[in-house]
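For reference, the structure discussed in these notes is given below.
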Amino acid sequence: MLFRSHPKAIIPHAFYGLKSHPALMGALDQLADNMTVSRGFFAGDNLITFNKSLGFLNDQALMQAFQRHATLPPERGALWRLATLAWAARTALRVEGDFVECGCYKGVSARIISEVVGFADLPRHYYLYDLFQHDETMPHHSMLEHSETLVDQVRERFADMSNVTITQGRVPDSLAQAKPDKIAFMHLDLNNAEAEVGALEVLFDRISPGGVLILDDFGWTGYHAQQVAEVAWMAERGYHILELPTGQGMVIK
């Protein structure tokens with residue numbers, strides 16, 4: 001079986017919108033059997049590729065952090081998204097400014113990024129924002145681990161890093177409590193068009209020239225409202241968003 005040759009790159013329970021996971025696995029088996037070169041197969045996070053180099057699997061810093069912190073199928077399935085974030089964070093180290101993630105949820109991606117770039121030892125600050133809980137008055141949809149205690153769990157995840165600030169509240173309102181003057185890397189993952197545009201209104205001008213912005217939901221059909229709103233917002237400022245196969249969008253300031 002081809003899947004045995006790349007076990008890290010096959011995440012069978014990290015797909016969304018399916019009627020049957022077993023049916024998908026059967027279809028992947030057929031695809032694997034039809035390949036002339038049994039290398040470079042990735043399947044997870046609604047992304048299927050083959051005959052690709054998958055160089056991120058050889059990225060020791062990324063894969064070690066990934067194995068430590070990505071424990072659930074959706075987190076493991078997002079490996080290619082995490083590889084994109086790792087690239088963006090490393091690229092952002094060339095410019096002045098702090099790191100920002102709006103919609104950090106459990107803090108998994110921010111923790112992985114921190115370990116990839118050795119953020120604890122850098123003279124920069126990481127700002128994390130989230131509601132951390134859900135009720136029907138909130139504009140975002142619920143996630144499995146939203147709760148009154150999630151913010152404390154995230155604070156514990158970063159307890160060993162003094163240069164991380166975790167702010168609970170609704171973005172963009174919570175940005176008034178703490179925000180950087182200059183930003184090198186920003187990751188937006190709020191699952192809500194109004195909140196993300198609000199964050200851009202407050203923070204985009206603070207991104208340094210050459211800084212990197214990653215929009216997590218940009219290319220997913222379930223979040224099409226975000227793509228429409230963000231394309232228009234960026235166009236007014238002369239920017240174009242690159243849609244990635246991972247579902248992310250990217251802008252370099």
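The values are calculated or read from the model by the stated rules, or taken from the named source; none is laboratory data. On a predicted model such as this, the values are computed, not experimentally measured, just so you know. With ideal geometry, Cβ positions are generated from the backbone for all residues, glycine too; neighbour counts draw on all protein chains shown.
The number of residues in segment 39-79 that are on the phi < 0 side of the Ramachandran plot, surrounded by 15 or more Cβ atoms within 10 Å (Cβ to Cβ) and polar (S, T, N, Q) comes to 0. Taken over segment 158-172, the criterion of being touching a residue at least 60 places away in the same chain (Cβ under 8 Å) and out of contact with any Cys (no Cβ under 7 Å at 6 or more places or on another chain) is satisfied by I166 alone.
Taking (1) assigned by TED's automatic domain parsing to the domain that holds G107; (2) in contact (Cβ under 8 Å) with a residue 40 or more places away in the chain in turn, H13 satisfies each apart from (1). Taking the criterion of being over 19 Å from H240 (Cβ atoms) and of a type in the set (V, I, T), the residues of segment 169-224 that qualify are V171, I183, V202, T221.
Here is a yes/no grid of residues against (1) of a type outside the set (A, V, I, L, M, F, W, C); (2) touching a Gly at 6+ places or on another chain (Cβ under 9 Å); (3) under 24 Å from L79 (Cα atoms):
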residue: L190; (1), (2), (3): no, yes, yes
residue: L200; (1), (2), (3): no, no, no
residue: L203; (1), (2), (3): no, no, no
residue: V212; (1), (2), (3): no, no, yes
residue: D217; (1), (2), (3): yes, yes, yes
residue: W220; (1), (2), (3): no, yes, yes
residue: E230; (1), (2), (3): yes, yes, no
residue: L242; (1), (2), (3): no, yes, yes
residue: G247; (1), (2), (3): yes, yes, yes
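Looking only at strands (runs of 3 or more DSSP E) that lie completely in segment 153-253, which have at least 2 residues being surrounded by fewer than 19 Cβ atoms within 10 Å (Cβ to Cβ) and more than 19 Å from the chain's Cα centre (by Cα)? Explain how you work it out, then say what you get.
Numbers: elements: 164-168, 183-188, 207-215, 249-252.
Passing ranges, in order: 207-215.
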